[in-house]
Amino acid sequence: MDTDKKAPEYLEAAKIFEEKWRKNWEKENLFKTLSPTDKNFDAAKPKKVILDFFPYPSGYGLHIGHPLGYIATDVISRTYRMMGYNVLHSMGFDSFGLPAEQYAIQTNRHPRETTAENVANITRQLKFLGFDHDDDARFLSSEPEYYKWTQWLFLKLYDSYFDEGENWTDSLGNKVKGRAKPVADLRKKLKDGEWRQNVLGEIAPKDDKKFTKIVPEDKIEEVIDANRLAVLKNVDVNWCPGLGTVLANEEVTADGRSERGNFPVYRKPLKQWVLRITCYADRLYDDLKLIDWPRGVVEIQREWIGPSQGALVSFIAEDGSKLNVFTTRPDTLPGVTFVAVAPEHPLAVKYAGEAAKKMVSLARNRAYDDKSAHNGVFTGQYVMHPITGAKIPVWVGDYVLSGYGEGAVMGVPAHDQRDFEFAHRFDISIVPVIEPSQEWLKENAPEGASEDLNALYLRDAGSFKASYEGDGKIIAGLAGAEEFASLPNREALKKICEKLEALDKGSTKKTYRLRDWLFSRQRYWGEPFPVVYDVETGKTYALEEDQLPVLLPEVTDFRPVTSDDKDADPVTPLGRVTDWVKVKGIITENGKVKITDAPNAKDFVRDTNTMPNWAGSCWYYLRYFDPNNDNAFVSKEAEQYWAGKQNGAIDLYVGGAEHAVLHLLYARFWHKVFYDLGLVSTPEPFQKLFNQGMITADAFRDSRGFYVDVDLVEEKEENGKRVAYHKETGEKLSIDPGKMGKRYKNGISPEDAAMRHSTDALRCYMMFLGPLDSTSPWREAPIVGTERFLTSVWKLVHRDDLDTSDAPADAESERLVHKTIESVTKDIMALHLNTPISTMMILANALSQQKNPKKEHVEILIRLLSVYTPFMAEEIYDTVPSFTLPEGIKSVAFLPWPKWDEAKTAVTEMKIIVQINGKKRAEFMMPAGASDKEIEDEALKQDAVIRHIDGKEIRRLIHIPQKEWKVLGIVV
RNA sequence: GCGGAUAUGGUGGAACUGGUAGACACAACAGACUUAAAAUCUGUUGGGCUUUAUGCCCGUGCCGGUUCGAUUCCGGCUAUCCGCACCA
């Protein structure tokens, strides 16, 4: 080994100094974020809130894929901090819920224990990577200090109703339709008769003519309960006996299994807490315009909300009652030949009895992806067509979904493929309404049709291969619909709607695919509901605020009751804790309950369900603004400063694409409710969302097909191909590209990689892999490139010939340095975190080759680089004599970010590219100030140019100035 | 089926508003240093042609279009990935 080195080699040194700085930063709590309520807070500075998705504390710790996004937000937040912003970048843990609980069950330990352990482990891993998180803002969603506020916010939803008719303009100037308000307002309006009921029991202001019935005094609380944003409802739920709990629609996969654990899910009616997210469907849809999110996520949310403009149409039954259907194609109304209702529909239950019941159970157990023949049964009932007056049979069809629209459809077999198939199967007539195009007729005509296709279609549309779902003219001569004859169908649609409206047999209506959010889980590890039920009356009461938190009881048996039996009933683990469930309390003047043993106390029971794991993550980002506040979920001052005056409170939110609808939709919903109630000041939670890509990994298998631990694999290159061998047996292994995970034996711990190459090199390398949103496979070998880069920077800094004088630097290296600052700064702001490394490599290479590189230039490089390599930068400022931190600055993290001087980036000589007919033919240098004429003259002297013009006439000369070169286009 | 995204050398990728395609790296090859190897340094590296040049042709998934000029814009395909999928 070389002993006369002045400084140790970079890698060797990094092993020691990285550990030193880790300890030092933790001891100093260097990244403590001051809040507006703190003494030394500087409110004059601009703010940036940069967050990663709330991680759950997995028992397996972080693998190499996890830190990608975390490193990115760390680089960005460090850059903003150096630029003089107050930066909020923190990370807590979403520690309640299924993942944590399943892990506890598998390891046969209490979730409180495993959670604490996993959090400690991951926190250590995060610190290892040098992230600038604030340790004082590292809360867990399963701590009572935190979930007290989750319960408090749930009660806000419980205590609110949605006033659809309220149109208002918010403080940012956005026009908003509908608003959540306290139920106390509603109570007053109902008492005063300001709001009344219609025949369906819906409520609205009395100026609507259909709302005439004043709600009787003794029914008011019942009406209010039905209109709360959190309601207890009997609903068809996704029951997952394998997990022992019900699940939200968003947690069930397309093939009818649980997203967690992959157990089968069945439909079952149960009384559950439901959050009425559908009230916000329009705003959740429209407000996607207000924020800067990836197009894909926006589209997924739009599709999930799924608004659909159509009409409600009433068919009149023999007893005079109305059977409503929803349709998006009122223009096809004259072609209705049957009405089909879902097996769960009241009419089906009433008239099809056992047959419908059987269908319900068949449909419920039917595989989600089974699109084969549908079942149907005739109810024996008929209804009257609203326009033609024809007698229409009512069928029960299991292709009709009970949860969408009215749970009933009008059957137009000629123009809807599902109705077409149903009509064929049950021999129902098919009446065409719209003339198909000639091409369609040719394509779909029955085999061997010889007569005129138009005539054949009119006579027997059912003989064609499919229903016609396109546009066209209304066929003339339809009985009862003569007035629409020959109209284009889109026009007829409007006219038919008008007519229905006039007859009071229909109205235009918008429906949504979005369903209300099922909010109860029959699990232990979650937030208990802050409500109790009166044992005597069964009435629901919210607890008084000062009763919060409702602590999750300590139990030894926290296991859910799971089963393979789809008919098993849910049993809640909390239901077993009888002395927790049974309480005594008094009803206060607010109509809430206070738990007490006072002599006049009544008997109550607690709700034994818990909230789903999404509850805690619906508002955690707000808690970072004021993480240790005992008096409020967030203080007004903190919220207003950090959220700022924009549509979304969080400036940058980085995480994987897998939460496109779950967390990101739920959090938007809660945020909007809080916004309506004046608890937060922005209409949206997340201004800019960024989905980082995945790190995939290759797995290796031996000849028996067993996975081989990556540590035992040696990769080589043979004939340009990558091959893998077993390190011990020498056996050639097959390479499976794919996802990283424990079962593939290819999980690589980021600390191990950091130990091998230095944390700074790992951070750089992960950013250098490619654009932040691209998915790339993990390869460890190429990291030597970044390792070499850091080594050369380390050597550069330690050179003893650095020019520390005040002498001006030469213009060319000045230019390179300022160009580098500009390019690195702009790229980081644009979240292009791979290209700054290349740019800095170019600068480092150039400086290394100079004779006496200016120390000032080297220092600029180190400051820019410090956001990627905080350890090395800190060590340089601590140990290299010519690098010193200014008075009062504790760390490189607080050094000012270098600024570029536009004048210094200018070139003195321009490269001129000559293109002839668009092809580059010559290039030469000219002084930057050269005129177009001078450039042309010089260009025409070039041999290559003369050769390619070849005596032809010059028709056009085009000058295109670029930043550092000019293009002269010659057209001949 | 519907919706979204992606496609550039052996590999990861760069090219910012239509103007030098392949920056920066990895790998590979050659050379220097070394007894040797590692490390380090230097050079070559999209394909082809010839007259070896300040040369020519081809080349950014495929076909076509707009333009003096297209990786970039437009139309039509193909492949891969992701999401949704009885939504009336």
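The values are calculated or read from the model by the stated rules, or taken from the named source; none is laboratory data. Here the structure is a predicted model, which means the values were calculated and not measured. Neighbour counts are summed over all protein chains in view; Cβ atoms, including those assigned to glycine, are modelled from backbone coordinates with ideal geometry. Surface accessibility is based on the protein's heavy atoms, side chains included, excluding ligands, DNA and RNA. Shrake-Rupley method; radii C 1.70, N 1.55, O 1.52, S 1.80 Å.
A few comments on the model shown:
- Candidate set from the range A:395-434 (those that are within 9 Å of RNA strand B (Cβ to nearest atom) and acidic (Asp, Glu)); member that is most open to solvent (accessible area, probe 1.4 Å): A:Glu421
- When the residues of the range A:891-922 are filtered to those that are within 16 Å of RNA strand B (Cβ to nearest atom) and part of a loop (DSSP other than H, G, I, E, B), the one that is surrounded by the most Cβ atoms within 10 Å (Cβ to Cβ) is A:Trp900.
- Exclusive hit being away from RNA strand B (no atom under 14 Å from the Cβ), among the small types (Gly, Ala, Ser), in contact with a Phe, Trp or Tyr (Cβ under 9 Å, 6 or more places away or on another chain) and at pLDDT below 90, set A:Gly730, A:Gly738, A:Gly747: A:Gly747
- Among the residues listed as A:Asn24, A:Asn121, the single one being at pLDDT 90 or above, within 30 Å of A:Ser776 (Cβ to Cβ) and open to solvent by 20 Å² or more (accessible area, probe 1.4 Å): A:Asn121
- Residue check, A:Ile203 touching a Gly at 6+ places or on another chain (Cβ under 6 Å), open to solvent by 10 Å² or more (accessible area, probe 1.4 Å) and modelled with pLDDT of 85 or more: no
- Candidates in the range A:949-970 are the residues that are near RNA strand B (Cβ under 6 Å from one of its atoms) and open to solvent by 40 Å² or more (accessible area, probe 1.4 Å); of these, the one that is farthest from A:Arg921 (Cα to Cα) is A:Gln962.
- Filter result for A:Ser95 (open to solvent by less than 20 Å² (accessible area, probe 1.4 Å) and farther than 30 Å from A:Asn746 by Cβ): no
- Members of the range A:790-811 found to be in a loop (DSSP other than H, G, I, E, B), of a type in the set (A, V, I, L, M) and surrounded by 12 or more Cβ atoms within 10 Å (Cβ to Cβ), listed by number: A:Leu802, A:Ala809
- Answer residue from the range A:812-858, given it is part of a loop (DSSP other than H, G, I, E, B) and of a type in the set (A, V, I, L, M, F, W, C) and is farthest from A:Phe789 (Cα to Cα) among those: A:Ala830
- Qualifying residue in the range A:933-944 (condition: within 15 Å of A:Ile960 (Cβ to Cβ), under 53 Å from the mean Cα position of the chain (by Cα) and more than 10 Å from RNA strand B (Cβ to nearest atom)): no
- Where A:Ser617 falls short, out of the listed (1) under 14 Å from the mean Cα position of the chain (by Cα); (2) under 20 Å from A:Asp287 (Cα atoms); (3) buried (at least 23 other Cβ atoms within 10 Å of the Cβ): (2)
- Whichever residue in the range A:773-789 is in contact (Cβ under 8 Å) with a residue 40 or more places away in the chain and not in a loop (DSSP other than H, G, I, E, B) and, among such residues, is most open to solvent (accessible area, probe 1.4 Å): A:Pro777
- Taken together, the residues in the range A:260-298 that are within 16 Å of the chain's Cα centre (by Cα), farther than 30 Å from A:Gly165 by Cβ and either β-branched (Val, Ile, Thr) or in a loop (DSSP other than H, G, I, E, B) (or both) amount to 2.
- Residue in the range A:548-562 that is touching a helix residue (DSSP H, G or I) at 6+ places or on another chain (Cβ under 9 Å), more than 16 Å from RNA strand B (Cβ to nearest atom) and polar (S, T, N, Q) present: no
- Remark: pairs (first residue in the range A:195-219, under 25 Å from A:Lys539 (Cα atoms); second residue aliphatic (A, V, I, L, M) and in a loop (DSSP other than H, G, I, E, B); Cβ separation under 9 Å; 6+ apart in sequence or on different chains) = A:Trp195/A:Val215; A:Arg196/A:Ile214; A:Arg196/A:Val215; A:Gln197/A:Ile214; A:Gln197/A:Val215; A:Ile203/A:Val215; A:Lys213/A:Val199.
- Among residues of the range A:459-488 that are of a type in the set (S, T, N, Q), those with a beta-carbon under 8 Å from a residue that is in a strand (DSSP E or B) and crowded, with 19+ Cβ neighbours inside 10 Å at least six positions away or on a different chain give the pairs A:Ser486/A:Ile474.
- Hey, A:Ala317 more than 16 Å from RNA strand B (Cβ to nearest atom) and among the aliphatic types (A, V, I, L, M) or not: yes
- A:Pro553 vs. criteria farther than 16 Å from A:Trp152 by Cα, part of a loop (DSSP other than H, G, I, E, B), open to solvent by less than 20 Å² (accessible area, probe 1.4 Å) and not basic (Lys, Arg): yes
- Looking across A:Tyr103, A:Tyr146, A:Tyr161, one residue alone is touching a residue at least 24 places away in the same chain (Cβ under 8 Å) and open to solvent by 10 Å² or more (accessible area, probe 1.4 Å). It is A:Tyr103.
- Residue pairs whose Cβ atoms lie under 6 Å apart, separated by 6 or more positions or on different chains, with the first residue in the range A:290-310 and closer than 18 Å to A:Glu684 by Cα and the second acidic (Asp, Glu), are A:Leu290/A:Glu684; A:Ile291/A:Glu684.
- Segments classed as helices (runs of 4 or more DSSP H), wholly inside the range A:370-469, with at least 2 members that are under 25 Å from A:Gly480 (Cα atoms): A:417-426, A:453-459
- Taken as a whole, the structure places A:Asn600 among residues that are open to solvent by 10 Å² or more (accessible area, probe 1.4 Å), out of contact with any helix residue (DSSP H, G or I) (no Cβ under 9 Å at 6 or more places or on another chain) and at pLDDT below 95.
- A:Lys175 meets each of the listed conditions (1) closer than 27 Å to A:Asp676 by Cα; (2) crowded, with 20+ Cβ neighbours inside 10 Å apart from (2).
- Residues of the range A:679-721 that are among the acidic types (Asp, Glu), modelled with pLDDT of 75 or more and assigned to a strand (DSSP E or B): A:Glu684 alone.
- Looking only at the range A:831-890, and only at residues there that are within 16 Å of RNA strand B (Cβ to nearest atom), closer than 22 Å to A:Ile71 by Cα and hydroxyl-bearing (Ser, Thr, Tyr), the one that is surrounded by the most Cβ atoms within 10 Å (Cβ to Cβ): A:Tyr868
- Taking residues in the range A:680-698 that are touching a residue at least 40 places away in the same chain (Cβ under 8 Å), and partners anywhere that are of a type in the set (Asp, Glu) and open to solvent by less than 30 Å² (accessible area, probe 1.4 Å), the pairs with Cβ atoms closer than 8 Å and at least 6 places apart or on different chains are A:Val680/A:Glu639; A:Ser681/A:Glu639; A:Pro683/A:Asp170; A:Pro683/A:Asp287; A:Glu684/A:Asp287; A:Gln687/A:Asp651; A:Lys688/A:Asp651.
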